[in-house]
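Take a look at the structure below.
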Amino acid sequence: MYEAEIAIAARINAGDRTTLREVMKQHGGAMTAAARSICPHAMDDIVQEAWIAALAALPNFEHRSSLKTWLVRITLNKAYTYIRQTSREVSLEGLTDEQDPLQNLFDKSGHWSTPWKGWTDDSPDKLLEAHVLKECLEKHLDKLPQGQRMAMTLTDFMGLEAEEVCNNLEVSASNLRVLLHRARITIHAMVSHYEATGDC
């Protein structure tokens with residue numbers, strides 16, 4: 001299933017720096033997003049530690065998951081280690097499934113009932129608006145309870161399967177659905193407010 005990635009790992013293990021740079025470019029964003037979802041203030045250090053650990057462990061990579069999933073898991077582990085070392089507690093708050101007026105925005109599988117419209121096109125004004133919206137989105141993501149932020153980052157922005165996210169966060173499928181629901185409600189409200197007023 002992962003024959004191509006096995007070959008990539010073998011080239012890196014053999015000292016192929018070009019392949020290593022390609023892998024870092026391809027998956028570095030996902031690792032940064034994973035670290036940012038847990039420790040935004042230390043994400044650069046966490047990703048650096050994750051790369052060091054990944055390169056050391058690569059010869060023993062068993063290819064039971066994709067390379068991306070493996071790298072993200074290492075990053076999350078490094079983030080958890082950082083939290084433990086700095087006596088910070090990982091919180092999965094936000095698990096209460098409260099009734100809310102926006103609940104019909106999602107179908108039974110947890111996806112948007114009506115897909116969001118694209119936020120940008122090629123005009124300078126629209127590109128600038130998209131940049132501002134991106135900064136606003138990141139600001140509000142940072143304010144989410146940690147469990148919600150991690151669930152949304154791994155699922156909606158990084159595209160990991162629900163089972164992988166549950167394993168990484170050590171939560172049940174039902175808890176993941178609640179975390180995602182609460183996070184999506186908050187972010188959707190932020191985007192709706194931004195589109196209506198232009199204010200973050």
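Quick notes on this structure:
- Looking across the stretch 1-19, the residues that are in contact (Cβ under 8 Å) with a residue 12 or more places away in the chain and in a helix (DSSP H, G or I) come down to Glu5, Ile6, Ile8, Ala9, Ile12, Asn13.
- Selection within the stretch 148-166 - surrounded by fewer than 18 Cβ atoms within 10 Å (Cβ to Cβ) and not in a helix (DSSP H, G or I): Gly159, Glu161
- Hits in the stretch 167-176 (condition: surrounded by fewer than 18 Cβ atoms within 10 Å (Cβ to Cβ) and part of a helix (DSSP H, G or I)): Asn167, Ala173, Ser174
- On the stretch given as the stretch 7-34, residues that are closer than 27 Å to Ala79 by Cβ and either outside the structural domain of Glu62 (by TED's automatic domain parsing) or touching a helix residue (DSSP H, G or I) at 6+ places or on another chain (Cβ under 9 Å) (or both) total 17.
- Residue within the stretch 25-43 that is over 26 Å from Gly147 (Cα atoms), at pLDDT 85 or above and in a helix (DSSP H, G or I) present: yes
- Matching option when the condition is more than 18 Å from the chain's Cα centre (by Cα) and small (Gly, Ala, Ser), among Ala34, Ala30, Ala14, Ala42: Ala14
- Per-region count, the stretch 166-200, residues farther than 24 Å from Ala35 by Cβ and among the acidic types (Asp, Glu): 2
- Hits in the stretch 155-196 (condition: of a type in the set (Asp, Glu) and more than 23 Å from Ala30 (Cβ to Cβ)): Glu195
- Those residues of the stretch 44-76 which are of a type in the set (S, T, N, Q), part of a helix (DSSP H, G or I) and either touching a residue at least 12 places away in the same chain (Cβ under 8 Å) or in contact with a Ser or Thr (Cβ under 7 Å, 6 or more places away or on another chain) (or both), in sequence order: Thr69, Thr75
The values are calculated or read from the model by the stated rules, or taken from the named source; none is laboratory data. Computed from a predicted model, the values in this text were never measured in an experiment. Backbone-built Cβ (ideal geometry, glycine too); neighbour counts: all protein chains shown.
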